[in-house]
Amino acid sequence: MTLFPKAFLIVAALGLAACNNPDRFGGAGGAGADGLGNGTGFVDTTGLGDPNDPASIAYFNQRVGDRVLFPVDQHTLTPEARTILAGQAQWLMSNGGYAVIVEGHADEQGTREYNLSLGARRAASVQSFLVSQGVPANRIRTISYGKERPLEVCSEEACYAKNRRAVTVLSVGSGV
Amino acid sequence: MSMFRILGSALAAFVLLGSVTAQMAKAQSGPLRIEITEGVIEPLPFAVPDFVPENGGGSEYARDIARVIASDLAGTGLFREIPQEAHISRVTSFDSSIAYEDWKAINAQAVITGAVSASGDRIVVKFRLFDVFSGQQLGEGLQFAGTTRSWRRMAHKVADAAYSRITGEGGYFDSRVVFVSESGPKNQRLKRLAVMDYDGANVQYLTDSSAIVLAPRFSPAGDRILYTSYATGFPRITLMDVGSLATQTLAEQPGTMTFAPRFSPDGRRVVFSLERGGNSDLYMLDLGSGGLTQLTNAPSIETAPDFSPDGSQIVFESDRSGTQQLYIMSASGGEARRISGGKGRYGTPVWSPRGDLVAFTKQNEGRFHIGVMRTDGSEERLLTASFLDEGPTWSPNGRVIMFTRESSGAGGSAALFSVDISGRNLRQISTEGAASDPAWSPLLP
């Protein structure tokens, strides 16, 4: 998996949160364009760090796992999802400098507005679980993209399965 | 000033042609009549010779106006144009009667003749409709005056009048559609709001593509648009003034998502979905006072609301039964009754302008359909089937439904289609690029 899409999400999320500590890791992250549709404000840039550094964003994204997947038309967490989220919660508890935006997504097999609701349910499931594990609620925001931002573009279950997701996007700052 | 008001005043000079009133024989009771029924019909053959230019300025529009009229009528599937190459008679004067025998010989049952003059930015269009086989004019001649910029609208007005006289139903050609123009790959789609004539002409873009925009709706007067926008970074219901393009975020509540906004028929209230903690319910916003009323309170998804034409009821979708289904409740909330009962999932209900039908999206066995049912859920009929059809919108006369059809796969893209409520006459609307989420305006004034 390439790092670029992650860097892209981070950059966009930082823009959304409008936080002001862009150089926590001193590196310059990549893409400057804000493709997720935030048309206002400036874009902060943060390095992802070394995935071998347990305090890095790269470590969170790759080793802990930044996303969980859902069965068709469901928002309940699978055992696998709970394991990943427990790891996320643990990481967030020991890295207090980050807030998160949980993005809920749906596959394309559904009407647009229903899928917005479904994505919101998925994001909220993740939020509730993280809070139940001790992450302060004020560090977590949610957003639903419904079926507007698929990750995979084929129209088969192999792609749909990866699109039915909730992604925990880190942003620098202890609260939102 | 809104676009509609500009055009409306341009067309305000709408007069009967006094000179032909005396020649009027029987009007709408004549034999030239299409009864629009559910059965298979033979399209009615008609002819539209080029309009007669009454001055030099008019000659620029004489042919184009006739072509738009022909395209409007033939596009309904109820009429078939007899090509101009087959015409025997030439119409050279608007005021002389037509040579009925010449039109009978080529089996043209209806003939529309007209004249156009233009000077400066002003244009005047006149027309008459003839019933060839009964040998008389059908209805009065009419004249439309406006700006040259609105010449297509005047052609649509002529076609609406002809359609209306022959079918006995209201027209729908002089109308606009607000939609979402799409570009870019499937995983990085760019979306912007746009409006067009019902036939895809005269596209104007209302937003840039910097923020995702979804599911717009016209206000009843056509001067405002409601939609869902990610411009703040989060989905928010947004109100746009069409004239100034000024926007305003409505009903902002921290930590919530708002979406699926629709106007009440009087344009003063907005029903929409508000999501809090993962749960979506329906709310009503009074645009005047800013007052917010919660209409549903359930742990299920309640969204995609739409008012009945009289404003007293709301149809919406809910998965309270376990799957997406359609419900109707009072516009003040309270108990809802389920109306959908067939197999599969039902969403995006829209109430017909006549009030008797609800159009919807249905998902069943991996296919999507646009369908209609009566408001008590009876007489369900599916009009389309494809990989992904969704989001019906009604033509102003309730005869035609426009919707989004998206093709499958990595290169899949969205397009606008229309279908008659009989299920006939499926057509793609010609748009510059990919397009989705159409919403029809009322007939323009």
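The values are calculated or read from the model by the stated rules, or taken from the named source; none is laboratory data. Predicted, not measured: the structure shown is a model, and the values here were computed from it. We place every Cβ from the backbone using ideal geometry, glycine too, and count neighbours over all the protein chains shown.
Summary of computed values
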{"item": "Single residue of region A:142-162 satisfying the filter (within 19 Å of residue B:233 (Cβ to Cβ) and among the polar types (S, T, N, Q)) that is farthest from the other protein chains (Cβ to nearest Cβ)", "result": "A:142"}
{"item": "Residue among B:310, B:281, B:286, B:306 that is surrounded by 18 or more Cβ atoms within 10 Å (Cβ to Cβ), within 21 Å of residue B:220 (Cβ to Cβ) and among the charged types (D, E, K, R)", "result": "B:306"}
{"item": "Residue B:393 of a type in the set (Val, Ile, Thr), within 11 Å of chain A (Cβ to nearest Cβ) and part of a strand (DSSP E or B)", "result": "no"}
{"item": "Index of the failed condition, residue A:111 passing every other in (1) polar (S, T, N, Q); (2) surrounded by 22 or more Cβ atoms within 10 Å (Cβ to Cβ); (3) facing chain B (nearest Cβ under 10 Å); (4) in contact (Cβ under 8 Å) with a residue 24 or more places away in the chain", "result": "(4)"}
{"item": "Residue match in region B:271-293 (condition: under 22 Å from residue B:394 (Cβ atoms) and outside any strand (DSSP E or B))", "result": "no"}
{"item": "Only one of B:142, B:129 that is within 23 Å of residue B:76 (Cα to Cα) and free of Cβ contacts under 8 Å to residues at least 40 places away in the same chain", "result": "B:129"}
{"item": "Qualifying position, being under 19 Å from the mean Cα position of the chain (by Cα), farther than 30 Å from residue B:304 by Cα and at pLDDT 95 or above, among B:158, B:180, B:195, B:125", "result": "B:158"}
{"item": "Only one of B:408, B:378 that is within 14 Å of chain A (Cβ to nearest Cβ), part of a loop (DSSP other than H, G, I, E, B) and without any contact (Cβ under 8 Å) to a residue 40 or more places away in the chain", "result": "B:408"}
{"item": "Residue count, region B:299-330 (criterion: closer than 12 Å to residue B:260 by Cβ and outside any strand (DSSP E or B))", "result": "1"}
{"item": "Region B:276-315: number of residues that are in contact (Cβ under 8 Å) with a residue 40 or more places away in the chain and of a type in the set (Phe, Trp, Tyr)", "result": "1"}
{"item": "Unmet criterion (only one of (1) over 21 Å from the mean Cα position of the chain (by Cα); (2) within 14 Å of chain A (Cβ to nearest Cβ); (3) not aromatic (Phe, Trp, Tyr)) for residue B:359", "result": "(1)"}
{"item": "Qualifying residue in region B:332-343 (condition: touching a residue at least 40 places away in the same chain (Cβ under 8 Å), aliphatic (A, V, I, L, M) and not in a loop (DSSP other than H, G, I, E, B))", "result": "yes"}
{"item": "Set B:96, B:89: member being in a loop (DSSP other than H, G, I, E, B) and surrounded by 13 or more Cβ atoms within 10 Å (Cβ to Cβ)", "result": "B:89"}
{"item": "Residue identified as closer than 22 Å to residue B:378 by Cβ, of a type outside the set (A, V, I, L, M, F, W, C) and within 14 Å of chain A (Cβ to nearest Cβ) among B:323, B:303, B:296", "result": "B:323"}
{"item": "Test result for residue A:125, within 14 Å of another protein chain (Cβ to nearest Cβ), farther than 30 Å from residue B:316 by Cβ and at pLDDT 95 or above", "result": "no"}
{"item": "Every residue from region B:411-423 that is on the phi < 0 side of the Ramachandran plot and away from chain A (no Cβ under 13 Å)", "result": "B:415, B:416, B:417, B:418, B:419, B:420, B:421, B:422"}
{"item": "Qualifying residue in region B:173-190 (condition: surrounded by 22 or more Cβ atoms within 10 Å (Cβ to Cβ), more than 14 Å from chain A (Cβ to nearest Cβ), without any contact (Cβ under 8 Å) to a residue 60 or more places away in the chain and touching a strand residue (DSSP E or B) at 6+ places or on another chain (Cβ under 7 Å))", "result": "no"}
{"item": "Test: residue in region A:119-139 that is in contact with a strand residue (DSSP E or B) (Cβ under 6 Å, 6 or more places away or on another chain) and either assigned to a strand (DSSP E or B) or over 25 Å from residue B:281 (Cβ atoms) (or both)", "result": "yes"}
